[in-house]
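One structure below.
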Amino acid sequence: MQPVIWGVISVSGHFIKNVLLPMRKSDQVEARAIASRSAERAQHAARQHGIPRAYGSYESLLADKEIEAVYNPLPNHMHLDWIKRAADAGKHILCEKPLGLQAADVREAIEYTQSKGVLLMEAFMYRFHPQWVHARELIETGGIGRPVAVQTNFSYNNPDPHNIRNIREIGGGGLYDIGCYAVSSARFLIGSEPKRVVSLIERDPNDETDRLTSGMLDFEGAHAVFTVGTRHYRGQGVTVFGTSGKIVIPMPFTPPPDVPTTMTVTTSHGTRDVEFPAVDQYRLQFEAFSKAVRTGGPVPTPPEDALANQQVLDALFASEQSGGWEPVK
């Protein structure tokens, strides 16, 4: 397959740390350009990391006719605008989660990109890791019976007031940043959509972002519960209980690319550890999206999945205000 030519809008720490290396190791992906609102910053990043072209504005990168696809790791409140601008330029778009700050934004992004004939996908990289593919296959084939409960925890400690994750006005806070993983993975494992949700949210008294959030999702026949936090010791884990077994994923969302992972499966036949070789889930994600670009689609995770996830997040925020159960709509 001829590699897809990518451009990156924003010199984000996330891109440099987690995404650039797997892009450079792939023969299906070529990172040809990077853009920043500071030409000096873009040029520095390009020189340091061997990216051929640097642009001092996002618009300049989008005007580059050789760029086929754009990776958008901008702050959450900028996602919709630059999804639309990329679509206007005829670029396919892989955008960091969430696609917008509310379901109406995500719906607009989907409709707009479809009207322009470009592909759009939300960048939930974890779904491309073999451990998640295997977990879904186990459930679909009845390996643990019918899934009835999912428990998730995900946390880190980031008190930096200048970090974008701690600025409420631009989409900061734990629910947008990591709670979206808890919601997405529960929907992925159970294989349906929750009908109602309830949340308990504690906000930081200074920056007003949600720093400790718990939620319960009612799938009518299955439940999911989660707690995410941005001010306590880091950790993560997912357990799914079925009618005849359970699956435990100790490092579900951010396994290091050079470390094998292990999933524990328990049934009436005993407990076994299922091991997976070290893989880079970001590389797998970019290669899967690039293949969709070359074949004309569809993308591996349809954008409608992003809309369904955002509708749950909206309901969780609504529950914070009402203090009770809220329908997902």
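FYI, it's all coordinate maths here, none of it is from the lab. Just so it is clear, the structure is predicted and the values come from calculations on it, not from any experiment. Ideal geometry is used to build each Cβ from the backbone, glycine not excepted, and the neighbour counts take in all protein chains shown.
If one computes P(r) from the Cα atoms of region 4-125, what percent of pairs lie at distances over 18 Å?
Value for region 4-125 (Cα pairs over 18 Å): 47 percent.
Which number do you get for Rg(Cα) / (2.2 N^0.38 Å) in region 1-62?
Here the answer is 1.03, to two decimals.
Could you let me know the centre-to-centre spacing of region 38-56 and region 57-85, using Cα atoms, in angstrom?
Going from one Cα centre to the other spans 16 Å.
Among residues other than residue 294 whose Cβ falls under 14 Å from its Cβ, what is the net charge (Lys/Arg +1, Asp/Glu -1)?
That sum, taken over residues with Cβ under 14 Å, equals -3.
Taking a label point 7 Å from the Cα of residue 244 along the Cα→Cβ vector, which residues of region 113-154 have an amide N closer than 20 Å to it?
Within reach of a label on residue 244, which here means backbone N under 20 Å from a point 7 Å along Cα→Cβ, region 113-154 contributes 134-150.
Taking the simple approach of a point 7 Å from Cα along Cα-to-Cβ for both residue 195 and residue 136, what is their distance in nm?
Result for the modelled spin labels: 2.5 nm.
With the calculation restricted to Cα positions, what are the radius of gyration and Dmax of region 245-321 in angstrom?
17.5, 46
Taking only DSSP H segments of four or more residues, each worth -39500 (n - 2.57), what value at 222 nm results for the chain once the sum is divided by all its residues, to the nearest 500 deg cm²/dmol?
After summing the helix terms and dividing by residue count, I get -9500 deg cm²/dmol.
Could you give the distance between the Cα centres of region 267-296 and region 185-263, to the whole Å?
If we compute the Cα centre of each part, the gap is 20 Å.
Tally Lys and Arg at +1 and Asp and Glu at -1 over the other residues with C-beta under 15 Å from the C-beta of residue 260: what net charge comes out?
Spelling it out: positives minus negatives among the neighbours equals -4.
If we count every other residue with Cβ under 13 angstrom of residue 78's Cβ, Lys/Arg +1 and Asp/Glu -1, where does the sum land?
-1
Whole number please: convex hull volume per residue, Cα atoms of the chain, in Å³.
132
Ranking request for peptides 130-143, 206-219: highest mean number of other beta-carbon atoms within 10 Å first, then the rest in descending order.
Ranking the peptides 130-143, 206-219 by packing returns 206-219, 130-143.
What pairs from 97/195; 17/97; 97/246; 65/91 go past 19 Å between their alpha carbons?
Long pairs (Cα-Cα over 19 Å): 97/195; 97/246.
Peptides 179-189, 24-34: what's the order by average Cβ count within 10 Å, highest mean first?
Result, highest mean first: 179-189, 24-34.
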